[in-house]
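Inspection log for the structure reproduced underneath, given as structure tokens.
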Amino acid sequence: MKNALKMVAQFMALSARTAPKTVGKDYIEIKVIDDESELAKLGDEMAAYGEKHGKRNYDRDGKGVASCGAVLLVAIKDGKTAGLNCGACGYDECAKLPKPHDGFEFAGPFCAWRLVDLGIAIGSAAKTASMLNVDNRIMYRIGVVARKMHLIEGDVVLGIPLSATGKNIFFDR
């Protein structure tokens with residue numbers, strides 16, 4: 001199963017890469033983590049982060065990551081405005097949007113359309129896993145810790161863990 005999960009993760013990366021992007025500009029970063037020791041470390045760091053900051057469910061999701069076969073990380077990095085002057089970001093003109101700066105977990109603010117690009121990319125990747133019958137779940141918590149661990153360069157990061165067992169380990173609540 002391990003090799004199959006690695007292959008699915010690569011197909012998911014392909015889906016994220018080829019997903020439509022606003023005005024054809026690509027600011028998406030993608031990384032597959034499939035090394036068992038790296039997955040275990042990420043899971044442990046997630047649990048430690050949750051405990052340190054009093055944030056719920058980092059331990060639960062960390063256990064899922066530590067026992068999964070691969071994780072796909074998808075991030076937005078250095079995303080420029082789309083130049084639409086649409087106001088979706090809260091500013092009337094793109095030129096008024098402040099430069100992103102590091103927040104507690106992610107950097108921001110961003111052009112709303114760049115965040116939509118991230119959502120489309122991550123959704124396309126999850127769809128690919130689903131089509132191939134691989135259990136998965138889009139997780140915010142993975143992205144927070146993966147970014148802090150410098151596993152991927154990105155300003156906003158999301159992660160999708162992958163598993164192939166008799167029961168979906170990511171929805172065992």
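Laboratory data are not the source of any read-out in this text; all were calculated from the coordinates shown. Owing to the predicted nature of the structure, the values given are computational and were not obtained by experimental measurement. Methodologically, a virtual Cβ is constructed for each residue, glycine included, from the backbone with ideal geometry; neighbour enumeration extends over all protein chains shown.
With the cut-off at under 11 Å, measuring from each backbone N in the stretch 1-32 to a point 7 Å along the Cα-to-Cβ line of E38 picks out 31-32. Rounded, prolate or oblate: which one fits the chain, using the alpha carbon gyration tensor with axes a ≥ b ≥ c (rounded when a/c is under 1.5, else prolate when a/b beats b/c, else oblate)? Because a/c hits 1.5 or more and a/b fails to exceed b/c, the chain counts as oblate.
Here K96 is the anchor, and the lysines within straight C-alpha reach of less than 24 Å, apart from those fewer than 8 places off in the same chain, are K21, K25, K77, K80. Annotation: amide H of E29 within the under-5 Å range of A75, I76, K77, sequence separation 5 or more or interchain, hydrogens built in the peptide plane. Residues whose amide H lies under 5 Å from that of D135, counting only those 5 or more places away or on a different chain, are S163, T165; hydrogens are built 1.01 Å from N in the peptide plane. Annotation: lysines with alpha-carbon distance below 19 angstrom to K63 (same-chain offsets under eight excluded): K2, K41, K52, K55, K148, K167.
Here the relative contact order of the chain, from alpha carbon pairs under 8 Å that lie six or more residues apart, stands at 29 percent. Taking Cα atoms only, the orientation of helix 112-131 departs from the longest principal axis of the chain by about 30 degrees. Using a cutoff of 8 angstrom between alpha carbon atoms and counting only pairs six or more residues apart, the relative contact order for the stretch 94-173 works out to 27 percent.
Helix-derived [θ] at 222 nm for the chain: sum -39500 (n - 2.57) over DSSP H runs of at least 4, divide by residue count, nearest 500? Helix-only estimate at 222 nm: -13500 deg cm²/dmol. In sequence order, the stretch 20-35 has phi-based couplings of x, 10, 4, 6, x, 9, 10, 10, 9, 10, 9, 8, 9, 10, 9, 7 Hz under the Karplus curve 6.51 cos²θ - 1.76 cosθ + 1.60, θ = phi - 60°, and Gly or Pro positions carry x.
Couplings 3J(HN,Hα) for the stretch 50-59, derived from phi with the Karplus relation 6.51 cos²θ - 1.76 cosθ + 1.60 (θ = phi - 60°), are x, 5, 4, 9, x, 9, 5, 6, 5, 5 Hz, where x marks Gly and Pro.
How about K6: which aspartates and glutamates have a C-alpha closer than 16 Å to its C-alpha, ignoring those fewer than 8 places off in the same chain? The qualifying aspartates and glutamates are D34, D35, E36, E38, D135. Taking the stretch 96-123 and a reference point 7 angstrom along Cα→Cβ of N85, the backbone N atoms nearer than 15 Å belong to 96-97. Taking Y140, Y49, Y91 in turn, the Gaussian network model of the chain (Cα-Cα springs below 10 Å) assigns the largest fluctuation to Y91.
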